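Worksheet: one structure, shown below.
Only the coordinates and a few stated rules stand behind these numbers; no lab work does. As the structure is a computational prediction, the values presented were derived from the model and not from experiment. Neighbour counts run over all protein chains shown; Cβ positions are idealised from the backbone, glycine included.
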Amino acid sequence: MASALAQRLRGYPTELLYNLTLRELRGKFKRSALGWLWSIINPIANIAVYSVVFGIFFDVVAPVGDPSGLEAYALFLVAGLLPWTFLANGLSASAGSVVANESLVTKVYFPRSVLPAAAVAAWLASYGIELLVFGVLLLVVGNMILPWVPLVIALMLLQAAFVLGVGMILAAVNVYFRDVQHFLAIFLNMWFYATPVLYPPDLPPERYELLGLDLPVRDLLALNPMAIFVAAYRDLLYHLRFPEPSQWAVLGFGSLATLAVGLLVFSRFEPRLAEVL
Amino acid sequence: MDPAITVEGVRKRFRREHTRNSTLKATVFNGFRRTVYDEFWALDGIDLEVPVGGTFALVGHNGSGKSTLLKCLARIYRPDEGRITTNGKMSALLELGAGFHPELSGRENVYLNGSILGLSQAQVRLRFDDIVSFSGLEAFIDAPVKNYSSGMFVRLGFAVAINVEPDVLLIDEVLAVGDESFQQRCMEKFAELRRAGRTLVVVSHGLDTVRNICDQAAWLDHGKLLETGPAGQIVDAYLASVRDDRRAREAASAGGEGRPGGLWGIGEARLTDERGQGIDVVDSGSRVRIAVEVEAVHEETISVELGIFRLDGVHVAGPVHRFRTSGAGTEVVEYDIGHLPLTAGVYDLAVTIRDEHAQATYATAPRAKRFDVVDPQHLDHGGVVALGGAWSARSRTASHGD
């Protein structure tokens, strides 16, 4: 399977991928006065709302950075919210990518997988810009993140692989069942609250009894792959520490396996996409 | 030399769906039963070789499978059975400007569209000036495409596609775009590709186009290949079958031939040459006589109309003759044409008998006689009318005396 995968990747139209990504990015911000700034303004607005509601009204206390000593709910929040936003945007965009490019798929031959890939790549680019701004902010408040930058980039790529893997499956299935897009919106909302973005991972109770069942809530929540991603980002950006090797192993293996499954499923659907659309 | 495209035993199945589970809800309520459909073969065992160089046309009625075959050649559809082999680089012109983003400028879209069609950035850069000058949009190339007129949009799309310079170019019904001068340039570009030894495969409803620009043609019907051969021959055969179908339908809906009572009638219609011999094949520009038998009921002034139709339905000529019959019985009406001004092709002669003022129709024979016009000396290329003019050529330098 690995060699077959390598063969598929060798002939891959990277320039087409690049051009489609550029089209997504340019199209998104053309004809708006602030242009690229929107990719920063949107997360800032979200951060402001969440900081006020959860940081002040609910009085969620952020853990003290270990060893950074940082203690600021807003920064703790952003370190989790930015990766989450990338996931949500990347999945929505890639899920709709084949359907949105119907006229292209039914009229021109090219490897269809560039469509979800370009959708994810475009959001990865704006995610990169957001993280860059956030990084500068962290440096200003005295969090020395520079040594961790290579690891953050590695983490971003792993997350992109994960998003693309899931996104490709959704994109193919969405051609058959357009419900996928609507269902995804609801599912993402639930997933958001199941991920420790707004709250620290030790906020939920250890166990909770529901209808006579004793649920190990915190262990269940820890199975969420995004919880592991968010924890790793926070380790690097907020706490300034190396995420545990076991975390890396789970994320590395899990993301690449997800991508491989996504490619496999997508290539199964690929020959018939033009007919079904 | 290997053919440009080899199609071997290609079959393509489509599903005609009755209830489609396109929502999850429908799937659940149908108890997760699969979508109900019946299957039909859109392509049923096609074997075809498209030779290198020249223009190859696919003709057939709607639903004959010609567009499906083209999409299989373009690799947009994958055949369920069989194999398609293409020699050399292939490009498909199924939609012009596919993937153009309205908010992006013409320039940005040229690069985007180029890479969708399989060009690298460097290749687009190399061809960029050609593309822009071919489209004639130099002044607008940095304006967003959404401000283009539809003609400009299509012109830019065509300019990119044609500059991909493929070995095999697949074209679907895009010949009819743009204004006259742009069409002219498209035709020139096609001719240029042909001269360069490239292969063009065309799906077109414009049968005149097929006849004039294509060398070979394949006729598809209900997913099967009926005939391949020289384009003109195939187009004629196809048109003949189309008209026969239409006639059969008309006859069926009219509930039999002739008027109720069937008083007046049209007997045999013949074409004769100078020596008075019956013929089916006429040389363009030669003398021909049309003789029609009119079965009269009584003495009356009637008009006899001859209609000459090309197989695609174009009404080429309609001479009318008014005369008084000499009573009940058969009369032969003759029409003598000194130089038949028709170009090569297949024609139908229709005969209609009406009253003096051409108000009431007494009898009609829509296809009284079918005949071929040939042009062995090749005096005309295309067109409807053989003008039969006289040519001359003289040296210009001689007339100036230097």
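Data table
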| item | result |
| --- | --- |
| Only Lys, Arg (+1) and Asp, Glu (-1) charged, at Cβ; chain B dipole about Cα centre in debye | 1520 |
| Over 32 Å (Cα to Cα) - which of A:K107/B:K146; B:K66/B:K89; B:K71/B:K369; B:K12/B:K146; A:K107/B:K224; A:K28/B:K189 fall in this group | B:K71/B:K369; B:K12/B:K146; A:K28/B:K189 |
| Stretch in chain A that is longest and holds no GluC sites (Glu not before Pro) that DSSP places in a loop and that have at most 15 other beta carbons within 10 Å | A:72-205 |
| Table column - 3J(HN,Hα) (Hz), region B:281-290, Karplus curve with 6.51, -1.76, 1.60, x for Gly and Pro | 10, 10, 6, 4, x, 8, 7, 8, 10, 9 |
| Residue-averaged [θ]222 nm for the protein assembly as shown, counting only DSSP H segments that reach four residues, each worth -39500 (n - 2.57) | -13500 deg cm²/dmol |
| Efficiency of FRET between A:V52 and B:Q121 - r from beta-carbon atoms, R0 60 angstrom, step 0.05 | 0.80 |
| Label point distance in nm, B:V281-A:A45, each placed 7 Å from Cα along Cα→Cβ | 7.9 |
| For chain B: rounded, prolate or oblate by the Cα gyration tensor [a/c cutoff 1.5] | oblate |
| Placed amide H near B:S286: partners under 5 Å, 5+ positions off or other chain | B:L340 |
| Top of B:E103, B:E49, B:E165 by mean-square fluctuation, Gaussian network on chain B, Cα under 10 Å | B:E103 |
| Stokes-Einstein D for region B:116-237, Kirkwood Rh over Cα pairs, 10 °C, 1.306 mPa s (µm²/s) | 99 |
| Candidates A:L151, A:L164, A:L115, ranked by Gaussian network fluctuation over chain A, Cα under 10 Å, top entry | A:L151 |
| Rough spin-label spacing in nm, given labels placed 7 Å along Cα→Cβ, for B:V385 and A:L215 | 8.7 |
| Loop-located chymotrypsin sites (Phe, Trp or Tyr not before Pro) in region B:336-402 whose Cβ has at most 13 other Cβ within 10 Å (DSSP) | B:W391 |
| Student exercise, region A:209-277 dipole from Lys, Arg, Asp, Glu Cβ charges, in Debye to nearest 20 | 220 |
| Tensor-based shape of chain A (alpha-carbon gyration tensor, a/c under 1.5 rounded, otherwise prolate or oblate) | prolate |
| Inter-site label distance for B:E39 and B:K224 at 7 Å from Cα along Cβ, in nm | 2.0 |
| Stokes-Einstein D in µm²/s, Kirkwood radius over Cα pairs - the protein assembly as shown at 37 °C with 0.692 mPa s viscosity | 105 |
| Charge-dipole axis of region B:264-402 as Lys and Arg at +1 and Asp and Glu at -1 on Cβ define it, positive-most pick from B:F309, B:G265, B:H378 | B:H378 |
| Simple Cβ-charge dipole of region A:13-276, Lys/Arg +1 and Asp/Glu -1, about Cα centre, in debye nearest 20 | 1040 |
| Label-zone membership for region B:79-108, site B:D215, 7 angstrom Cα→C-beta point, backbone N under 19 Å | B:86-91 |
